Amino acid sequence: MIFLLRFLLPSAGGTVPGTARPALLLGAAAWASAVAAVYLYNGVTDVGEDRSNGSVRPVASGLLPLATALRAAGMLAALAVVLGALVSAKMCLVTAGFLLLGYGYSAPGIALKRTTPGTIAVVIGGGALTYLAGLLCAGLPLTPAVLAFCTAMCLWMGLVGAIAKDFSDAAGDARHGRRNWTVLHGARATALLAAVSAVTIGAGLLVCALSSAGPGLLPPAVVLLGGALALAGVCPGLRQGGTRAERRLPYRAFMITQYAVHLVVLAHPIS
């Protein structure tokens, strides 16, 4: 859902030309297929870590057989490329690029997911491609205010979410050879970095909103900074010995914030 919210953000103002609406629908279907393919493939390659960490993801829990998930991922990836090609050559390339990023994140032998810098690069790249795909399909120009918003949210994904997601799974990650920052430096030190990043990004977008003539940027900036402060508030109490639910609180704050920010933009579009 969050990927579709990102994809649809450029069309939030209702200014999409009538001729572009079929492309927007096809593009949304292509992007949903690509995201599903990437997540299914990741679930297949993460099955060992997920089971060690007690995850209830469909593949790890046995609800979805490995072979079925892998076939479905391949079919969805092919469908995404075909749908993207029906929109335009550029959309096809962007879709293929997103799929390649997802493959590089999870594939044995590459596995960018094993380190935090690799994860950050993939997450920021995937977010940027999602916003770009939405702009291409909507046929709208990239305004300074939209650029500021998309940049802030890509940094939010990469420098906050990509770090916070590991807090609850450090034990299983370490057993399976991952070397993310939570494994290497501990949850508290890494949480402090995530908290500082979150507040800095939130404050940065607020500064852009206050100095920009683009209407609509202030409400999401205020929500983002509020979410960043909430996330920073739960980070000091993080401890590796706590329950999985407790260690997952910063990531939940990250997710709730990005949903809230995008919903605010859909209600009050940026121009």
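The values are calculated or read from the model by the stated rules, or taken from the named source; none is laboratory data. Being a predicted model, the structure only gives us computed values, none of them experimental. No Cβ is skipped: glycine too gets one built from the backbone with ideal geometry, and neighbour counts run over all protein chains shown. Surface areas here come from the heavy atoms of the whole protein model, side chains and all, with no ligands, DNA or RNA. Shrake-Rupley method; radii C 1.70, N 1.55, O 1.52, S 1.80 Å.
At-a-glance table
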| read-out | value |
| --- | --- |
| Cβ pairs under 8 Å, 6+ apart, first in the range 57-84 and of a type in the set (A, V, I, L, M), second in a helix (DSSP H, G or I) and open to solvent by 50 Å² or more (accessible area, probe 1.4 Å) | 59/66; 60/51; 64/58; 69/58; 83/26 |
| Residues located in the range 129-148, provided they are open to solvent by 10 Å² or more (accessible area, probe 1.4 Å), assigned to a helix (DSSP H, G or I) and in contact (Cβ under 8 Å) with a residue 12 or more places away in the chain | 129, 132, 135, 136, 144, 146, 148 |
| Inter-residue pairs, beta-carbon under 6 Å, first closer than 15 Å to residue 54 by Cβ and open to solvent by less than 70 Å² (accessible area, probe 1.4 Å) and in the range 237-248, second modelled with pLDDT under 70 and outside any loop (DSSP other than H, G, I, E, B), 6+ apart | 247/168; 248/168 |
| Condition broken by residue 197, with the remaining ones in (1) open to solvent by 30 Å² or more (accessible area, probe 1.4 Å); (2) part of a helix (DSSP H, G or I) satisfied | (1) |
| Boolean, residue 188 is touching a Pro at 6+ places or on another chain (Cβ under 9 Å) and open to solvent by 50 Å² or more (accessible area, probe 1.4 Å) | yes |
| Filter result for the condition that a residue is farther than 30 Å from residue 211 by Cα, in a helix (DSSP H, G or I) and polar (S, T, N, Q), over 151, 119 | 119 |
| Matching residues in the range 53-69 - criterion: being surrounded by 14 or more Cβ atoms within 10 Å (Cβ to Cβ) and closer than 17 Å to residue 245 by Cβ | 53, 55, 57 |
| Residue list for the range 215-234, restricted to those being buried (at least 20 other Cβ atoms within 10 Å of the Cβ), over 20 Å from the mean Cα position of the chain (by Cα) and on the phi < 0 side of the Ramachandran plot | 217 |
| Any hit, the range 105-128, residues being open to solvent by 70 Å² or more (accessible area, probe 1.4 Å) and modelled with pLDDT of 95 or more | no |
| Criterion (at pLDDT below 95, in a helix (DSSP H, G or I) and among the hydrophobic types (A, V, I, L, M, F, W, C)) met by exactly one of 260, 191, 203, 221 | 191 |
